[in-house]
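Enquirer: This structure is in structure tokens; I'll ask about it shortly.
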Amino acid sequence: MPRSSAAEPGGQALATGGDVVLDVQALHRSYGSVVAVRGVDFEVRAGEIFGLIGADGAGKTSTFHILAGMLAPSAGTVRVLGQAPRQARSRVGYLTQTFSLYPDLSVVENLRYVAGLRRVAEGDFRQRRQELLKLMGLAPFGERLAGQLSGGMKQKLALCCALIDRPQVLLLDEPTTGVDPVSRREFWDVLARLAGASVTILVATPYLDEAERCHRIALIHEGRIRQIGTPAALKRDLGLTRLELRCPERARAEALLEEASGADGPAPGGIVDVQTFGDRLDVLVSDAARGAAEVRGRLAREGLAVEDLQVTLPTLENVFVTRLRQEGVQSLPLAFPRSGGRPRRADPAIAARALSRSFGGFQAVRQVDLEVGYGEIFGLLGANGAGKTTTIKMLCGLLEPSAGEVSLAGETSRLRSRELLGRIGYMSQRFTLYDDLSIRQNLAFYAGVYGIPRALRRRRIDWVLASCGLEGQGDLPTGQLPGGWKQRVAFGAAVLHDPQVLFLDEPTSGVDPVARRQFWRLINAFARSGTAILVTTHYLEEAEQCNRLCFLVAGRSVIEGTPSAVKAAQPGCLFELQVPAGFDQRSAEVLRRHWEPWRVSRFADRLHLVLDDAGPELALVRRQLGEAGIEILSLRQIPFSLEDAFIGTVQRTAAAEAAGALEAEP
Amino acid sequence: MNSRIRAQCIKELLQFRRDRLTLGLAFLLPLLSLLILGFAIRLETKHIPVVVQDLDRSPLSRSYTDRLFATNQFQPSRWQGDDPVEALDRGEARAAVIIPPDFSRRLKAGKTASIQVLVDGTDANNARVIRNSLQATTEFFLRDRGLVDATQPVLARTRLWFNPGRKESLYIVPGVYAVVLWIFPSLLAAIAMVREKEKRTILQVYASGIGAGELLLGKAMAYLLVGGAMALVVMGLGSLIFHVGFAGDPTPLLVGTAAYLASAVSFGLLLGVRSASQNAAVQGVSLIGFLTALLLSGFIYPVSNIPFPLSLVSAVVPARYFILISRDAYVRGTGWPGVALDVLVVMVSAVVLFAAACRSLGPMQLDDGAGR
């Protein structure tokens, strides 16, 4: 097992590190015959942010329950602050996966209750309540019921509750699920500040962009830790380079390069892995120069043009998929059994003009325009409550728009007609499979519902089983499948009738990177056969997979375009800078004094800084840090992520609106 | 008071106040139950339709018939046909009285006259009541007319010691208190407990290091207060609506009610701790509550009639002892000497149920198998 980096004491985090605060050794936990945790070892030091990265059911939550002292381990030793977890409970704050808040209590009442349970003296409570609510930006909402807060605010309140007793250790189990990107970034900045104040933080997340913000991470898969180390070290240890390839015929190029890649290691040409990523191909190669030459050569031989070829670092996703693939079987999508070919169509599959919807006085969706062509994957992004679900409901005719027009697969009226429904597929967030039926029974049920001709029925069901890697296991009860498999079966059920338009509502929540990649291969295969696909997600990382995307904020579309275009359209540039260990908190404070706070954000031991005009502003930054006595170890420009682009756009819009409002005032 | 218990108690009361469901459970439903049970349950039978076939048609037979219908217990059936048996068959009458043609002649001659009485036996209990009542009316008629020998050797003269007016509400309403004050406080407590598990807020509670006893005591105190308010409303309005007042010293009832509410709340907490979902808890609490408080407590059917294995169950039903306390306060009025033991039993039941709930919640950890 590739655990080399676990032994490596390097990484800047440990240099700052103090005592071992969390010590987990050979931890096992089983429930009856089900083993959730099978031999987990890790240590977390004071002031460290340590990430446990893994899918649903990987054993993260069980580990948290044990560390919080509410579940006994089946075997192994666990020490928290040198004590048994139960004894250390008063010095540990725990943020559970579901909001541990009472929705019918107000913000202050929730805080007061937790303070009472943890025996915080009244005077301390008043003082800390002020501090924490101010820190989280919740001060104006003290009297609001917790149930009426947005997802991001709820999560911040939950963090306040966990912090009211000044814990030395914070356990955060998937704290940013359903939180909008701006709140998410603020949340992580608070975590960085806490770690700076020597609070030890263990955080679980299924998302790899959050992993980048941890000092060290451990990949946990099926109850075992597969990888452990700093994000930088893990990427370095992979020993591979990522090429971002943009070319006109992505499908052909992918097939071509796939052929050239070795399944079990680098092929002679050095190509390890190829993946379609929205409007580009990601090619992993063992050597940058040789790999690039190989890619260009192969494509040229087939007469395929190369628009652009960028050499960059591998992502954490590359690390995990490459590591995990050593155990999983990677199967290519099989051809979907169809009775005939499908005509290529040029008219839009889904179109909306000035789509609006209000509920009472509340404007859920305002003036949204979008157009999705056949064969295109379109991403509808936004936080919980941004209007994604309302938009989808209007697009497939479940909800009447207040204003605007919808056309779906060529129809503009009667969107619920039986004929049209037969051409539409829908997969909801919660997999709509019956847990107590076998996989085959589930699929047979949906095949019956859609009225698929008998001749095709069997072949299609076999196709779903085969493309999910479940051949011969069709009689397994669906409830026993792990999340990633279940999701693929659910996708299979949604496409049994070969729809022309496919709606996928948050299809990849709680799925590990390998399963997610498999899933996107399926989606890509359908798109190539001419299906129009509309995907919603609240994770920007996922949006990279879309051909085009639009981002909703409070019901309004704020960004639209291809992922590359969205990032390219972002004004200014992004710098990553590193300061000596221990100075990161102070330098963040210094920079936030001089620059708008959203321009500065912390990623583990580094800072990200958005500047509009690099030349003069960079000199200014150097001077400001210099005056504060902080040395800059490294400073380099890095590409914007979609998250950066989104946050930048939102903040600039808000600033422009505020300025506009000021001008409008007499 | 321990600060944790206080924090828990305050939080429960805040949540209670905000939730319309629990407010309804605490005040609206108990009052509705009081009205329904108080008005609907009538053990005494009145206005029983009786068909009389007077074949004698003499002044004496007519005066016998008049005597029969003089009380409100019997009333003439609307039946107009010839055959009284048909009236029974059709359900137009519950009993048929057939006076033979020689009725007055035989009586005047000093001979025994027989009247045929047919009673609908479908409802066995009612049939017995009707038979006894007809028997008594007949005897009264004979004595009144001086048709029987007044020199009977033994004559039992009965007088009702408590509730001399045989006011039925005096019997029913104190029993209704026992049912209502058991069901609703236990439901509220069970919901308060199981909701924490269902919404997973219990994890935060586990992580805080509060003990099982502290948590349950905080919840119990909150719902004891709610139960007290409920008792005040139900008993106060019950007295006004049904005109029942204290017959003696009310302090045993006061102490007994507090203990009884504690017992109900502890029972609810215990079921809340043991159930995985709100549905299961509500069904468990209401099913067990109604079965025991309604049927095995002596509320309607005498405890002494319950056959052997079930009588053991009945012996540990707190409602059974509270009914004794409550009936003593409103009907008997003997006070402490009469019910001290019953109050003690209710107190013990509260302690046992609370201890069981604490034990069940135990180490404040996740159950095996529930952790994932």
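Enquirer: Only bridges with both residues in the protein assembly as shown count here: give the DSSP antiparallel percent, nearest 5. Walk me through the numbers on the way to the answer.
Expert: Working: 76 of 120 bridges.
Counting only bridges with both partners in the protein assembly as shown, antiparallel ones make up about 65 percent.
Enquirer: Where the centroid of each part is defined by its Cα atoms, how far is segment B:25-40 from segment A:560-578 in Å?
Expert: 67 Å
Enquirer: Return the long-range amide H neighbours of A:VAL365 (sequence gap of 5 or more, or a different chain), with a cut-off of under 5 Å between placed amide H atoms.
Expert: Here A:ARG357 satisfy the definition.
Enquirer: Let me ask something additional. Given the -39500 (n - 2.57) contribution per DSSP H run of 4+ residues, what per-residue ellipticity at 222 nm results for chain A, rounded to the nearest 500 deg cm²/dmol?
Expert: Details: 23 runs with 242 residues, N = 666.
Calculated mean residue ellipticity at 222 nm is -11000 deg cm²/dmol.
Enquirer: With unit charges on the beta carbon (Lys/Arg positive, Asp/Glu negative), name the residue among A:THR389, A:GLY239, A:GLY93 whose Cα is farthest towards the positive pole of the charge dipole of the protein assembly as shown.
Expert: With unit charges placed on the Cβ atoms, the residue in question is A:GLY93.
Enquirer: Can you divide the C-alpha Rg of segment B:248-330 by 2.2 N^0.38 Å and report the result to two decimal places? Working shown, then result.
Expert: On the way: Rg = 14.1 Å, N = 83, 2.2 N^0.38 = 11.8 Å.
So the Cα radius of gyration is 1.20 times the expected 2.2 N^0.38 Å.
Enquirer: Follow-up. Tell me what chain B gives for mean residue ellipticity at 222 nm when only DSSP H runs of n ≥ 4 count, each as -39,500 (n - 2.57), the sum divided by the residue total, rounded to 500 deg cm²/dmol.
Expert: On the way: 15 runs with 225 residues, N = 372.
So the helix-based figure for chain B works out to -20000 deg cm²/dmol.
Enquirer: What average number of partner chain Cβ atoms lie no more than 10 Å from the Cβ of the residues making up A:65-73?
Expert: Details: counts 8, 2, 1, 7, 6, 11, 8, 5, 0.
Mean number of neighbouring Cβ atoms from other chains: 5.
Enquirer: Quick one: net charge of A:LEU534's neighbours, Cβ under 13 Å, K/R +1, D/E -1?
Expert: Values: positive: A:LYS388, A:LYS393, A:ARG548; negative: A:GLU371, A:GLU376, A:ASP505, A:GLU506.
Residues near A:LEU534 contribute -1 overall.
Enquirer: Please work out the Kirkwood hydrodynamic radius for the protein assembly as shown, using every pair of different C-alpha atoms, and report it in angstroms with one decimal place. Intermediate values should be presented prior to the final figure.
Expert: Details: mean 1/r = 0.0288 Å⁻¹.
So the Kirkwood estimate lands at 34.7 Å.
Enquirer: Let me know the shape class of segment A:88-217, please: from the alpha-carbon gyration tensor, a ≥ b ≥ c as square roots of the eigenvalues, rounded when a/c is under 1.5, otherwise prolate if a/b is greater than b/c, or oblate.
Expert: Working: a/c = 1.73, a/b = 1.26, b/c = 1.37.
Oblate, since a/c reaches 1.5 and b/c is not below a/b.
Enquirer: Still on this structure, I have one more. Enter the angle in degrees (range 0 to 90, nearest 10) between the Cα long axis of helix A:288-301 and the first principal axis of the Cα atoms of chain A, meaning the one along which they spread out most.
Expert: Taking the Cα atoms of chain A, the angle to A:288-301 is about 10 degrees.
Enquirer: Quick one: dipole size for segment A:240-313, taken about the Cα centre, charges +1 on Lys/Arg Cβ and -1 on Asp/Glu Cβ, in debye to the nearest 20. Provide the component values of the computation, followed by the final result.
Expert: Working: 9 positive and 14 negative charges, 39 e Å.
Here the size comes out at about 180 debye.
Enquirer: Using the Cα centre as the reference, give the magnitude of the dipole from point charges on the C-beta atoms of chain A (Lys, Arg: +1; Asp, Glu: -1; all else neutral), rounded to the nearest 20 debye. Write out the running numbers ahead of the final one.
Expert: Numbers: 79 positive and 76 negative charges, 253 e Å.
Charge dipole of chain A: 1220 debye, to the nearest 20.
Enquirer: What order do you get for B:10-21, A:156-167, A:95-106 when each peptide is scored by the mean count of other beta carbon atoms within 10 Å, highest first? If you can, show how the numbers build up before the last one.
Expert: Numbers: B:10-21: 16.7, A:156-167: 23.2, A:95-106: 20.7.
The peptides rank, most packed first, as A:156-167, A:95-106, B:10-21.
Enquirer: From the phi of every residue in segment A:148-160, what ³J(HN,Hα) in whole Hz does the Karplus formula 6.51 cos²θ - 1.76 cosθ + 1.60 yield, where θ is phi - 60° and glycine or proline is x?
Expert: Along segment A:148-160, the couplings run 9, 8, 6, x, x, 5, 4, 5, 5, 5, 4, 5, 4 Hz.
Enquirer: Right, here's the next one. In nm, give the distance between the simple-model label positions of A:ARG126 and A:ALA656, each being 7 Å from the Cα along the Cα-to-Cβ direction.
Expert: With each label point 7 Å from Cα toward Cβ, the separation is 4.7 nm.
Enquirer: Please work out, to two decimal places, the log10 of the ratio I(q)/I(0) at q = 0.11, 0.12, 0.17, 0.25 Å⁻¹ from a Debye calculation in which every Cα of segment A:240-313 carries one identical scatterer.
Expert: Values, matching the q order: -0.20, -0.24, -0.50, -1.17.
Enquirer: Given labels modelled 7 Å from the Cα in the Cβ direction, how far is it in nm from B:TRP336 to B:HIS243?
Expert: 3.3 nm
Enquirer: OK, next. Restricted to Cα positions, what overall size does segment A:4-234 have along the principal axes? Three whole-Å values, descending.
Expert: Extents along the principal axes: 50, 38, 30 Å.
Enquirer: I want the antiparallel fraction of DSSP beta bridges within chain B, as a percent rounded to 5.
Expert: Close to 35 percent.
Enquirer: Let me ask another. Within chain B, which DSSP H helices have Cα atoms that stretch 20 Å or more along the helix axis and a mean Kyte-Doolittle hydropathy of at least -0.5?
Expert: On the way: long enough: B:3-18 (23 Å, -0.59); B:124-144 (30 Å, -0.45); B:168-198 (44 Å, 1.10); B:212-242 (42 Å, 1.71); B:251-274 (35 Å, 1.41); B:336-361 (38 Å, 1.86).
Once both thresholds are applied, what remains is B:124-144, B:168-198, B:212-242, B:251-274, B:336-361.
Enquirer: Another question, if that's okay. Segment B:107-204: which trypsin sites (Lys or Arg not before Pro) are DSSP loop and have at most 16 other beta-carbon atoms within 10 angstrom?
Expert: Numbers: sites: B:LYS108, B:LYS111, B:ARG128, B:ARG131, B:ARG143, B:ARG145, B:ARG157, B:ARG159, B:ARG166, B:LYS167, B:ARG195, B:LYS197, B:LYS199, B:ARG200; in loops: B:LYS111, B:ARG145, B:ARG157, B:ARG159, B:ARG166, B:LYS167, B:LYS199, B:ARG200.
Taking segment B:107-204 and a limit of 16 other Cβ atoms within 10 Å, the loop trypsin sites (Lys or Arg not before Pro) found are B:LYS111, B:ARG145, B:ARG157, B:ARG159, B:ARG166, B:LYS167, B:LYS199, B:ARG200.
Enquirer: Another question about this same structure. So if I place +1 on the C-beta of Lys and Arg and -1 on the C-beta of Asp and Glu, and nothing else carries charge, what would the dipole magnitude of chain B be about its Cα centre? I want it in debye, nearest 20.
Expert: Values: 37 positive and 26 negative charges, 123 e Å.
Around 600 debye, computed over chain B.
Enquirer: Can you give the average number of partner chain beta-carbon atoms within 10 Å of each beta-carbon in peptide B:196-203, as a whole number? It would help to have the intermediate numbers written out before the result.
Expert: On the way: counts 2, 0, 0, 6, 5, 9, 3, 12.
Partner Cβ neighbours, averaged per residue: 5.
Enquirer: For A:SER106, enumerate residues with amide H under 5 Å from its amide H, sequence gap 5+ or separate chain, H modeled in the peptide plane.
Expert: Amide H neighbours of A:SER106, under 5 Å, 5+ apart: A:ALA146.
Enquirer: Same structure again: What order do you get for A:GLU122, A:GLU48 when you list them from fewest to most C-beta neighbours inside 10 Å? Each step should come with its number before you reach the end.
Expert: Details: A:GLU122 11, A:GLU48 25.
Result, fewest neighbours first: A:GLU122, A:GLU48.
Enquirer: Quick one: which residues, 5+ away or cross-chain, put their amide H under 5 Å from the amide H of A:THR531? H built at 1.01 Å from N.
Expert: A:GLY375
Enquirer: Let me ask you something else. Would you work out which of A:LEU133, B:GLY228, B:LEU35 lies farthest towards the positive end of the dipole of the protein assembly as shown, given +1 charges on the beta-carbon of Lys and Arg and -1 on that of Asp and Glu, about the Cα centre?
Expert: The residue sitting farthest along the positive end of the dipole is B:LEU35.
Enquirer: Can you flag which of A:LYS393/B:LYS199; A:LYS235/A:LYS486; B:LYS11/B:LYS197; A:LYS156/A:LYS486; A:LYS154/B:LYS199; A:LYS388/B:LYS199 are past 21 Å Cα-Cα?
Expert: Working: A:LYS393/B:LYS199 28 Å; A:LYS235/A:LYS486 30 Å; B:LYS11/B:LYS197 16 Å; A:LYS156/A:LYS486 32 Å; A:LYS154/B:LYS199 15 Å; A:LYS388/B:LYS199 26 Å.
The pairs that break the limit, which is 21 Å between Cα atoms, are A:LYS393/B:LYS199; A:LYS235/A:LYS486; A:LYS156/A:LYS486; A:LYS388/B:LYS199.
Enquirer: Please give, to one decimal in nm, the separation of the simple spin-label points placed at A:ARG144 and A:LEU620, each 7 Å out from Cα toward the Cβ.
Expert: 3.3 nm
Throughout, read-outs are computed from the coordinates displayed, never taken from laboratory work. Since the structure is predicted, the reported quantities are computational estimates derived from the model, not experimental observations. We place every Cβ from the backbone using ideal geometry, glycine too, and count neighbours over all the protein chains shown.
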